[in-house]
């Protein structure tokens, strides 16, 4: 191989490695919704609509004291155990899907800038074992992962259980130190993200208003 050819192929190799590195490091993206629907109505996935089952939660109402499982300890917990903290609750259908992964990474990584006094929680119907595996693999173990896998009682007690698939709808709830919901966004399309930055701002505002 001539010196000229060697330089040429080396250039091609460097270009391939560069573009490969870019494709690996590029974060996946999803559409961020600015819209919100009312619990107990319907959500869409593609061209299909799904009824949301259960008793609708509303801004101004208290979070239900439904038993959930903390995936880090396998203990049963209720949300009132976090009284005294602002709760930033991320609701996802399943953490093993692309959009749920993006949402949880955002809560864990971008949410690291939030002040003390705001508790970041992910709730899904995944098993505690799946949540624990995800937390370890994603290196997002500073979040609280709560599982509603048994009977979907949390979903039913908030009007956010998706009919037929029996998963939680996607959204964000922000509750004050007494467990009263002060902000909520439930996205109308399951494959779209809630506005996480808006939720962060509402949580900080709520924390500051009580200090």
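Which one is farthest from residue 140 (Cα to Cα), of the residues in the range 84-100 that are more than 11 Å from the chain's Cα centre (by Cα), modelled with pLDDT of 95 or more and assigned to a loop (DSSP other than H, G, I, E, B)?
Only one residue fits best here, namely 84.
Given (1) surrounded by 15 or more Cβ atoms within 10 Å (Cβ to Cβ); (2) more than 17 Å from the chain's Cα centre (by Cα), where does residue 205 come up short, assuming only one miss?
Result: residue 205 fails condition (1) only.
Does at least one position in the range 167-183 carry a residue that is under 17 Å from the mean Cα position of the chain (by Cα), in a loop (DSSP other than H, G, I, E, B) and within 12 Å of residue 88 (Cβ to Cβ)?
The answer is no; no qualifying residue exists.
If you take the residues of the range 54-63 that are assigned to a loop (DSSP other than H, G, I, E, B) and in contact with a strand residue (DSSP E or B) (Cβ under 9 Å, 6 or more places away or on another chain), which of them is surrounded by the fewest Cβ atoms within 10 Å (Cβ to Cβ)?
Let us first name the residues in the range 54-63 that are assigned to a loop (DSSP other than H, G, I, E, B), namely 54-61, 63.
Retained after the next criterion (residues that are in contact with a strand residue (DSSP E or B) (Cβ under 9 Å, 6 or more places away or on another chain)): 54, 57-61, 63.
Values: 54: 19, 57: 23, 58: 12, 59: 12, 60: 9, 61: 15, 63: 22.
Here the residue is 60.
So residue 116 passes all but one of these: (1) within 11 Å of the chain's Cα centre (by Cα); (2) part of a loop (DSSP other than H, G, I, E, B). Which condition number does it fail?
Condition (1) is where residue 116 drops out.
From the list 66, 104, which one is over 24 Å from residue 208 (Cα atoms) and assigned to a helix (DSSP H, G or I)?
Unique residue meeting the criteria: 104.
One line per residue, one yes/no per condition, for (1) in a helix (DSSP H, G or I); (2) surrounded by fewer than 13 Cβ atoms within 10 Å (Cβ to Cβ); (3) at pLDDT below 95; (4) touching a helix residue (DSSP H, G or I) at 6+ places or on another chain (Cβ under 6 Å):
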| position | (1), (2), (3), (4) |
| --- | --- |
| 5 | yes, yes, yes, no |
| 13 | yes, yes, yes, no |
| 24 | yes, yes, yes, no |
| 29 | no, yes, yes, no |
| 52 | no, no, no, no |
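The values are calculated or read from the model by the stated rules, or taken from the named source; none is laboratory data. Predicted, not measured: the structure shown is a model, and the values here were computed from it. All Cβ positions, glycine included, derive from the backbone under ideal geometry; neighbour counts span all protein chains shown.
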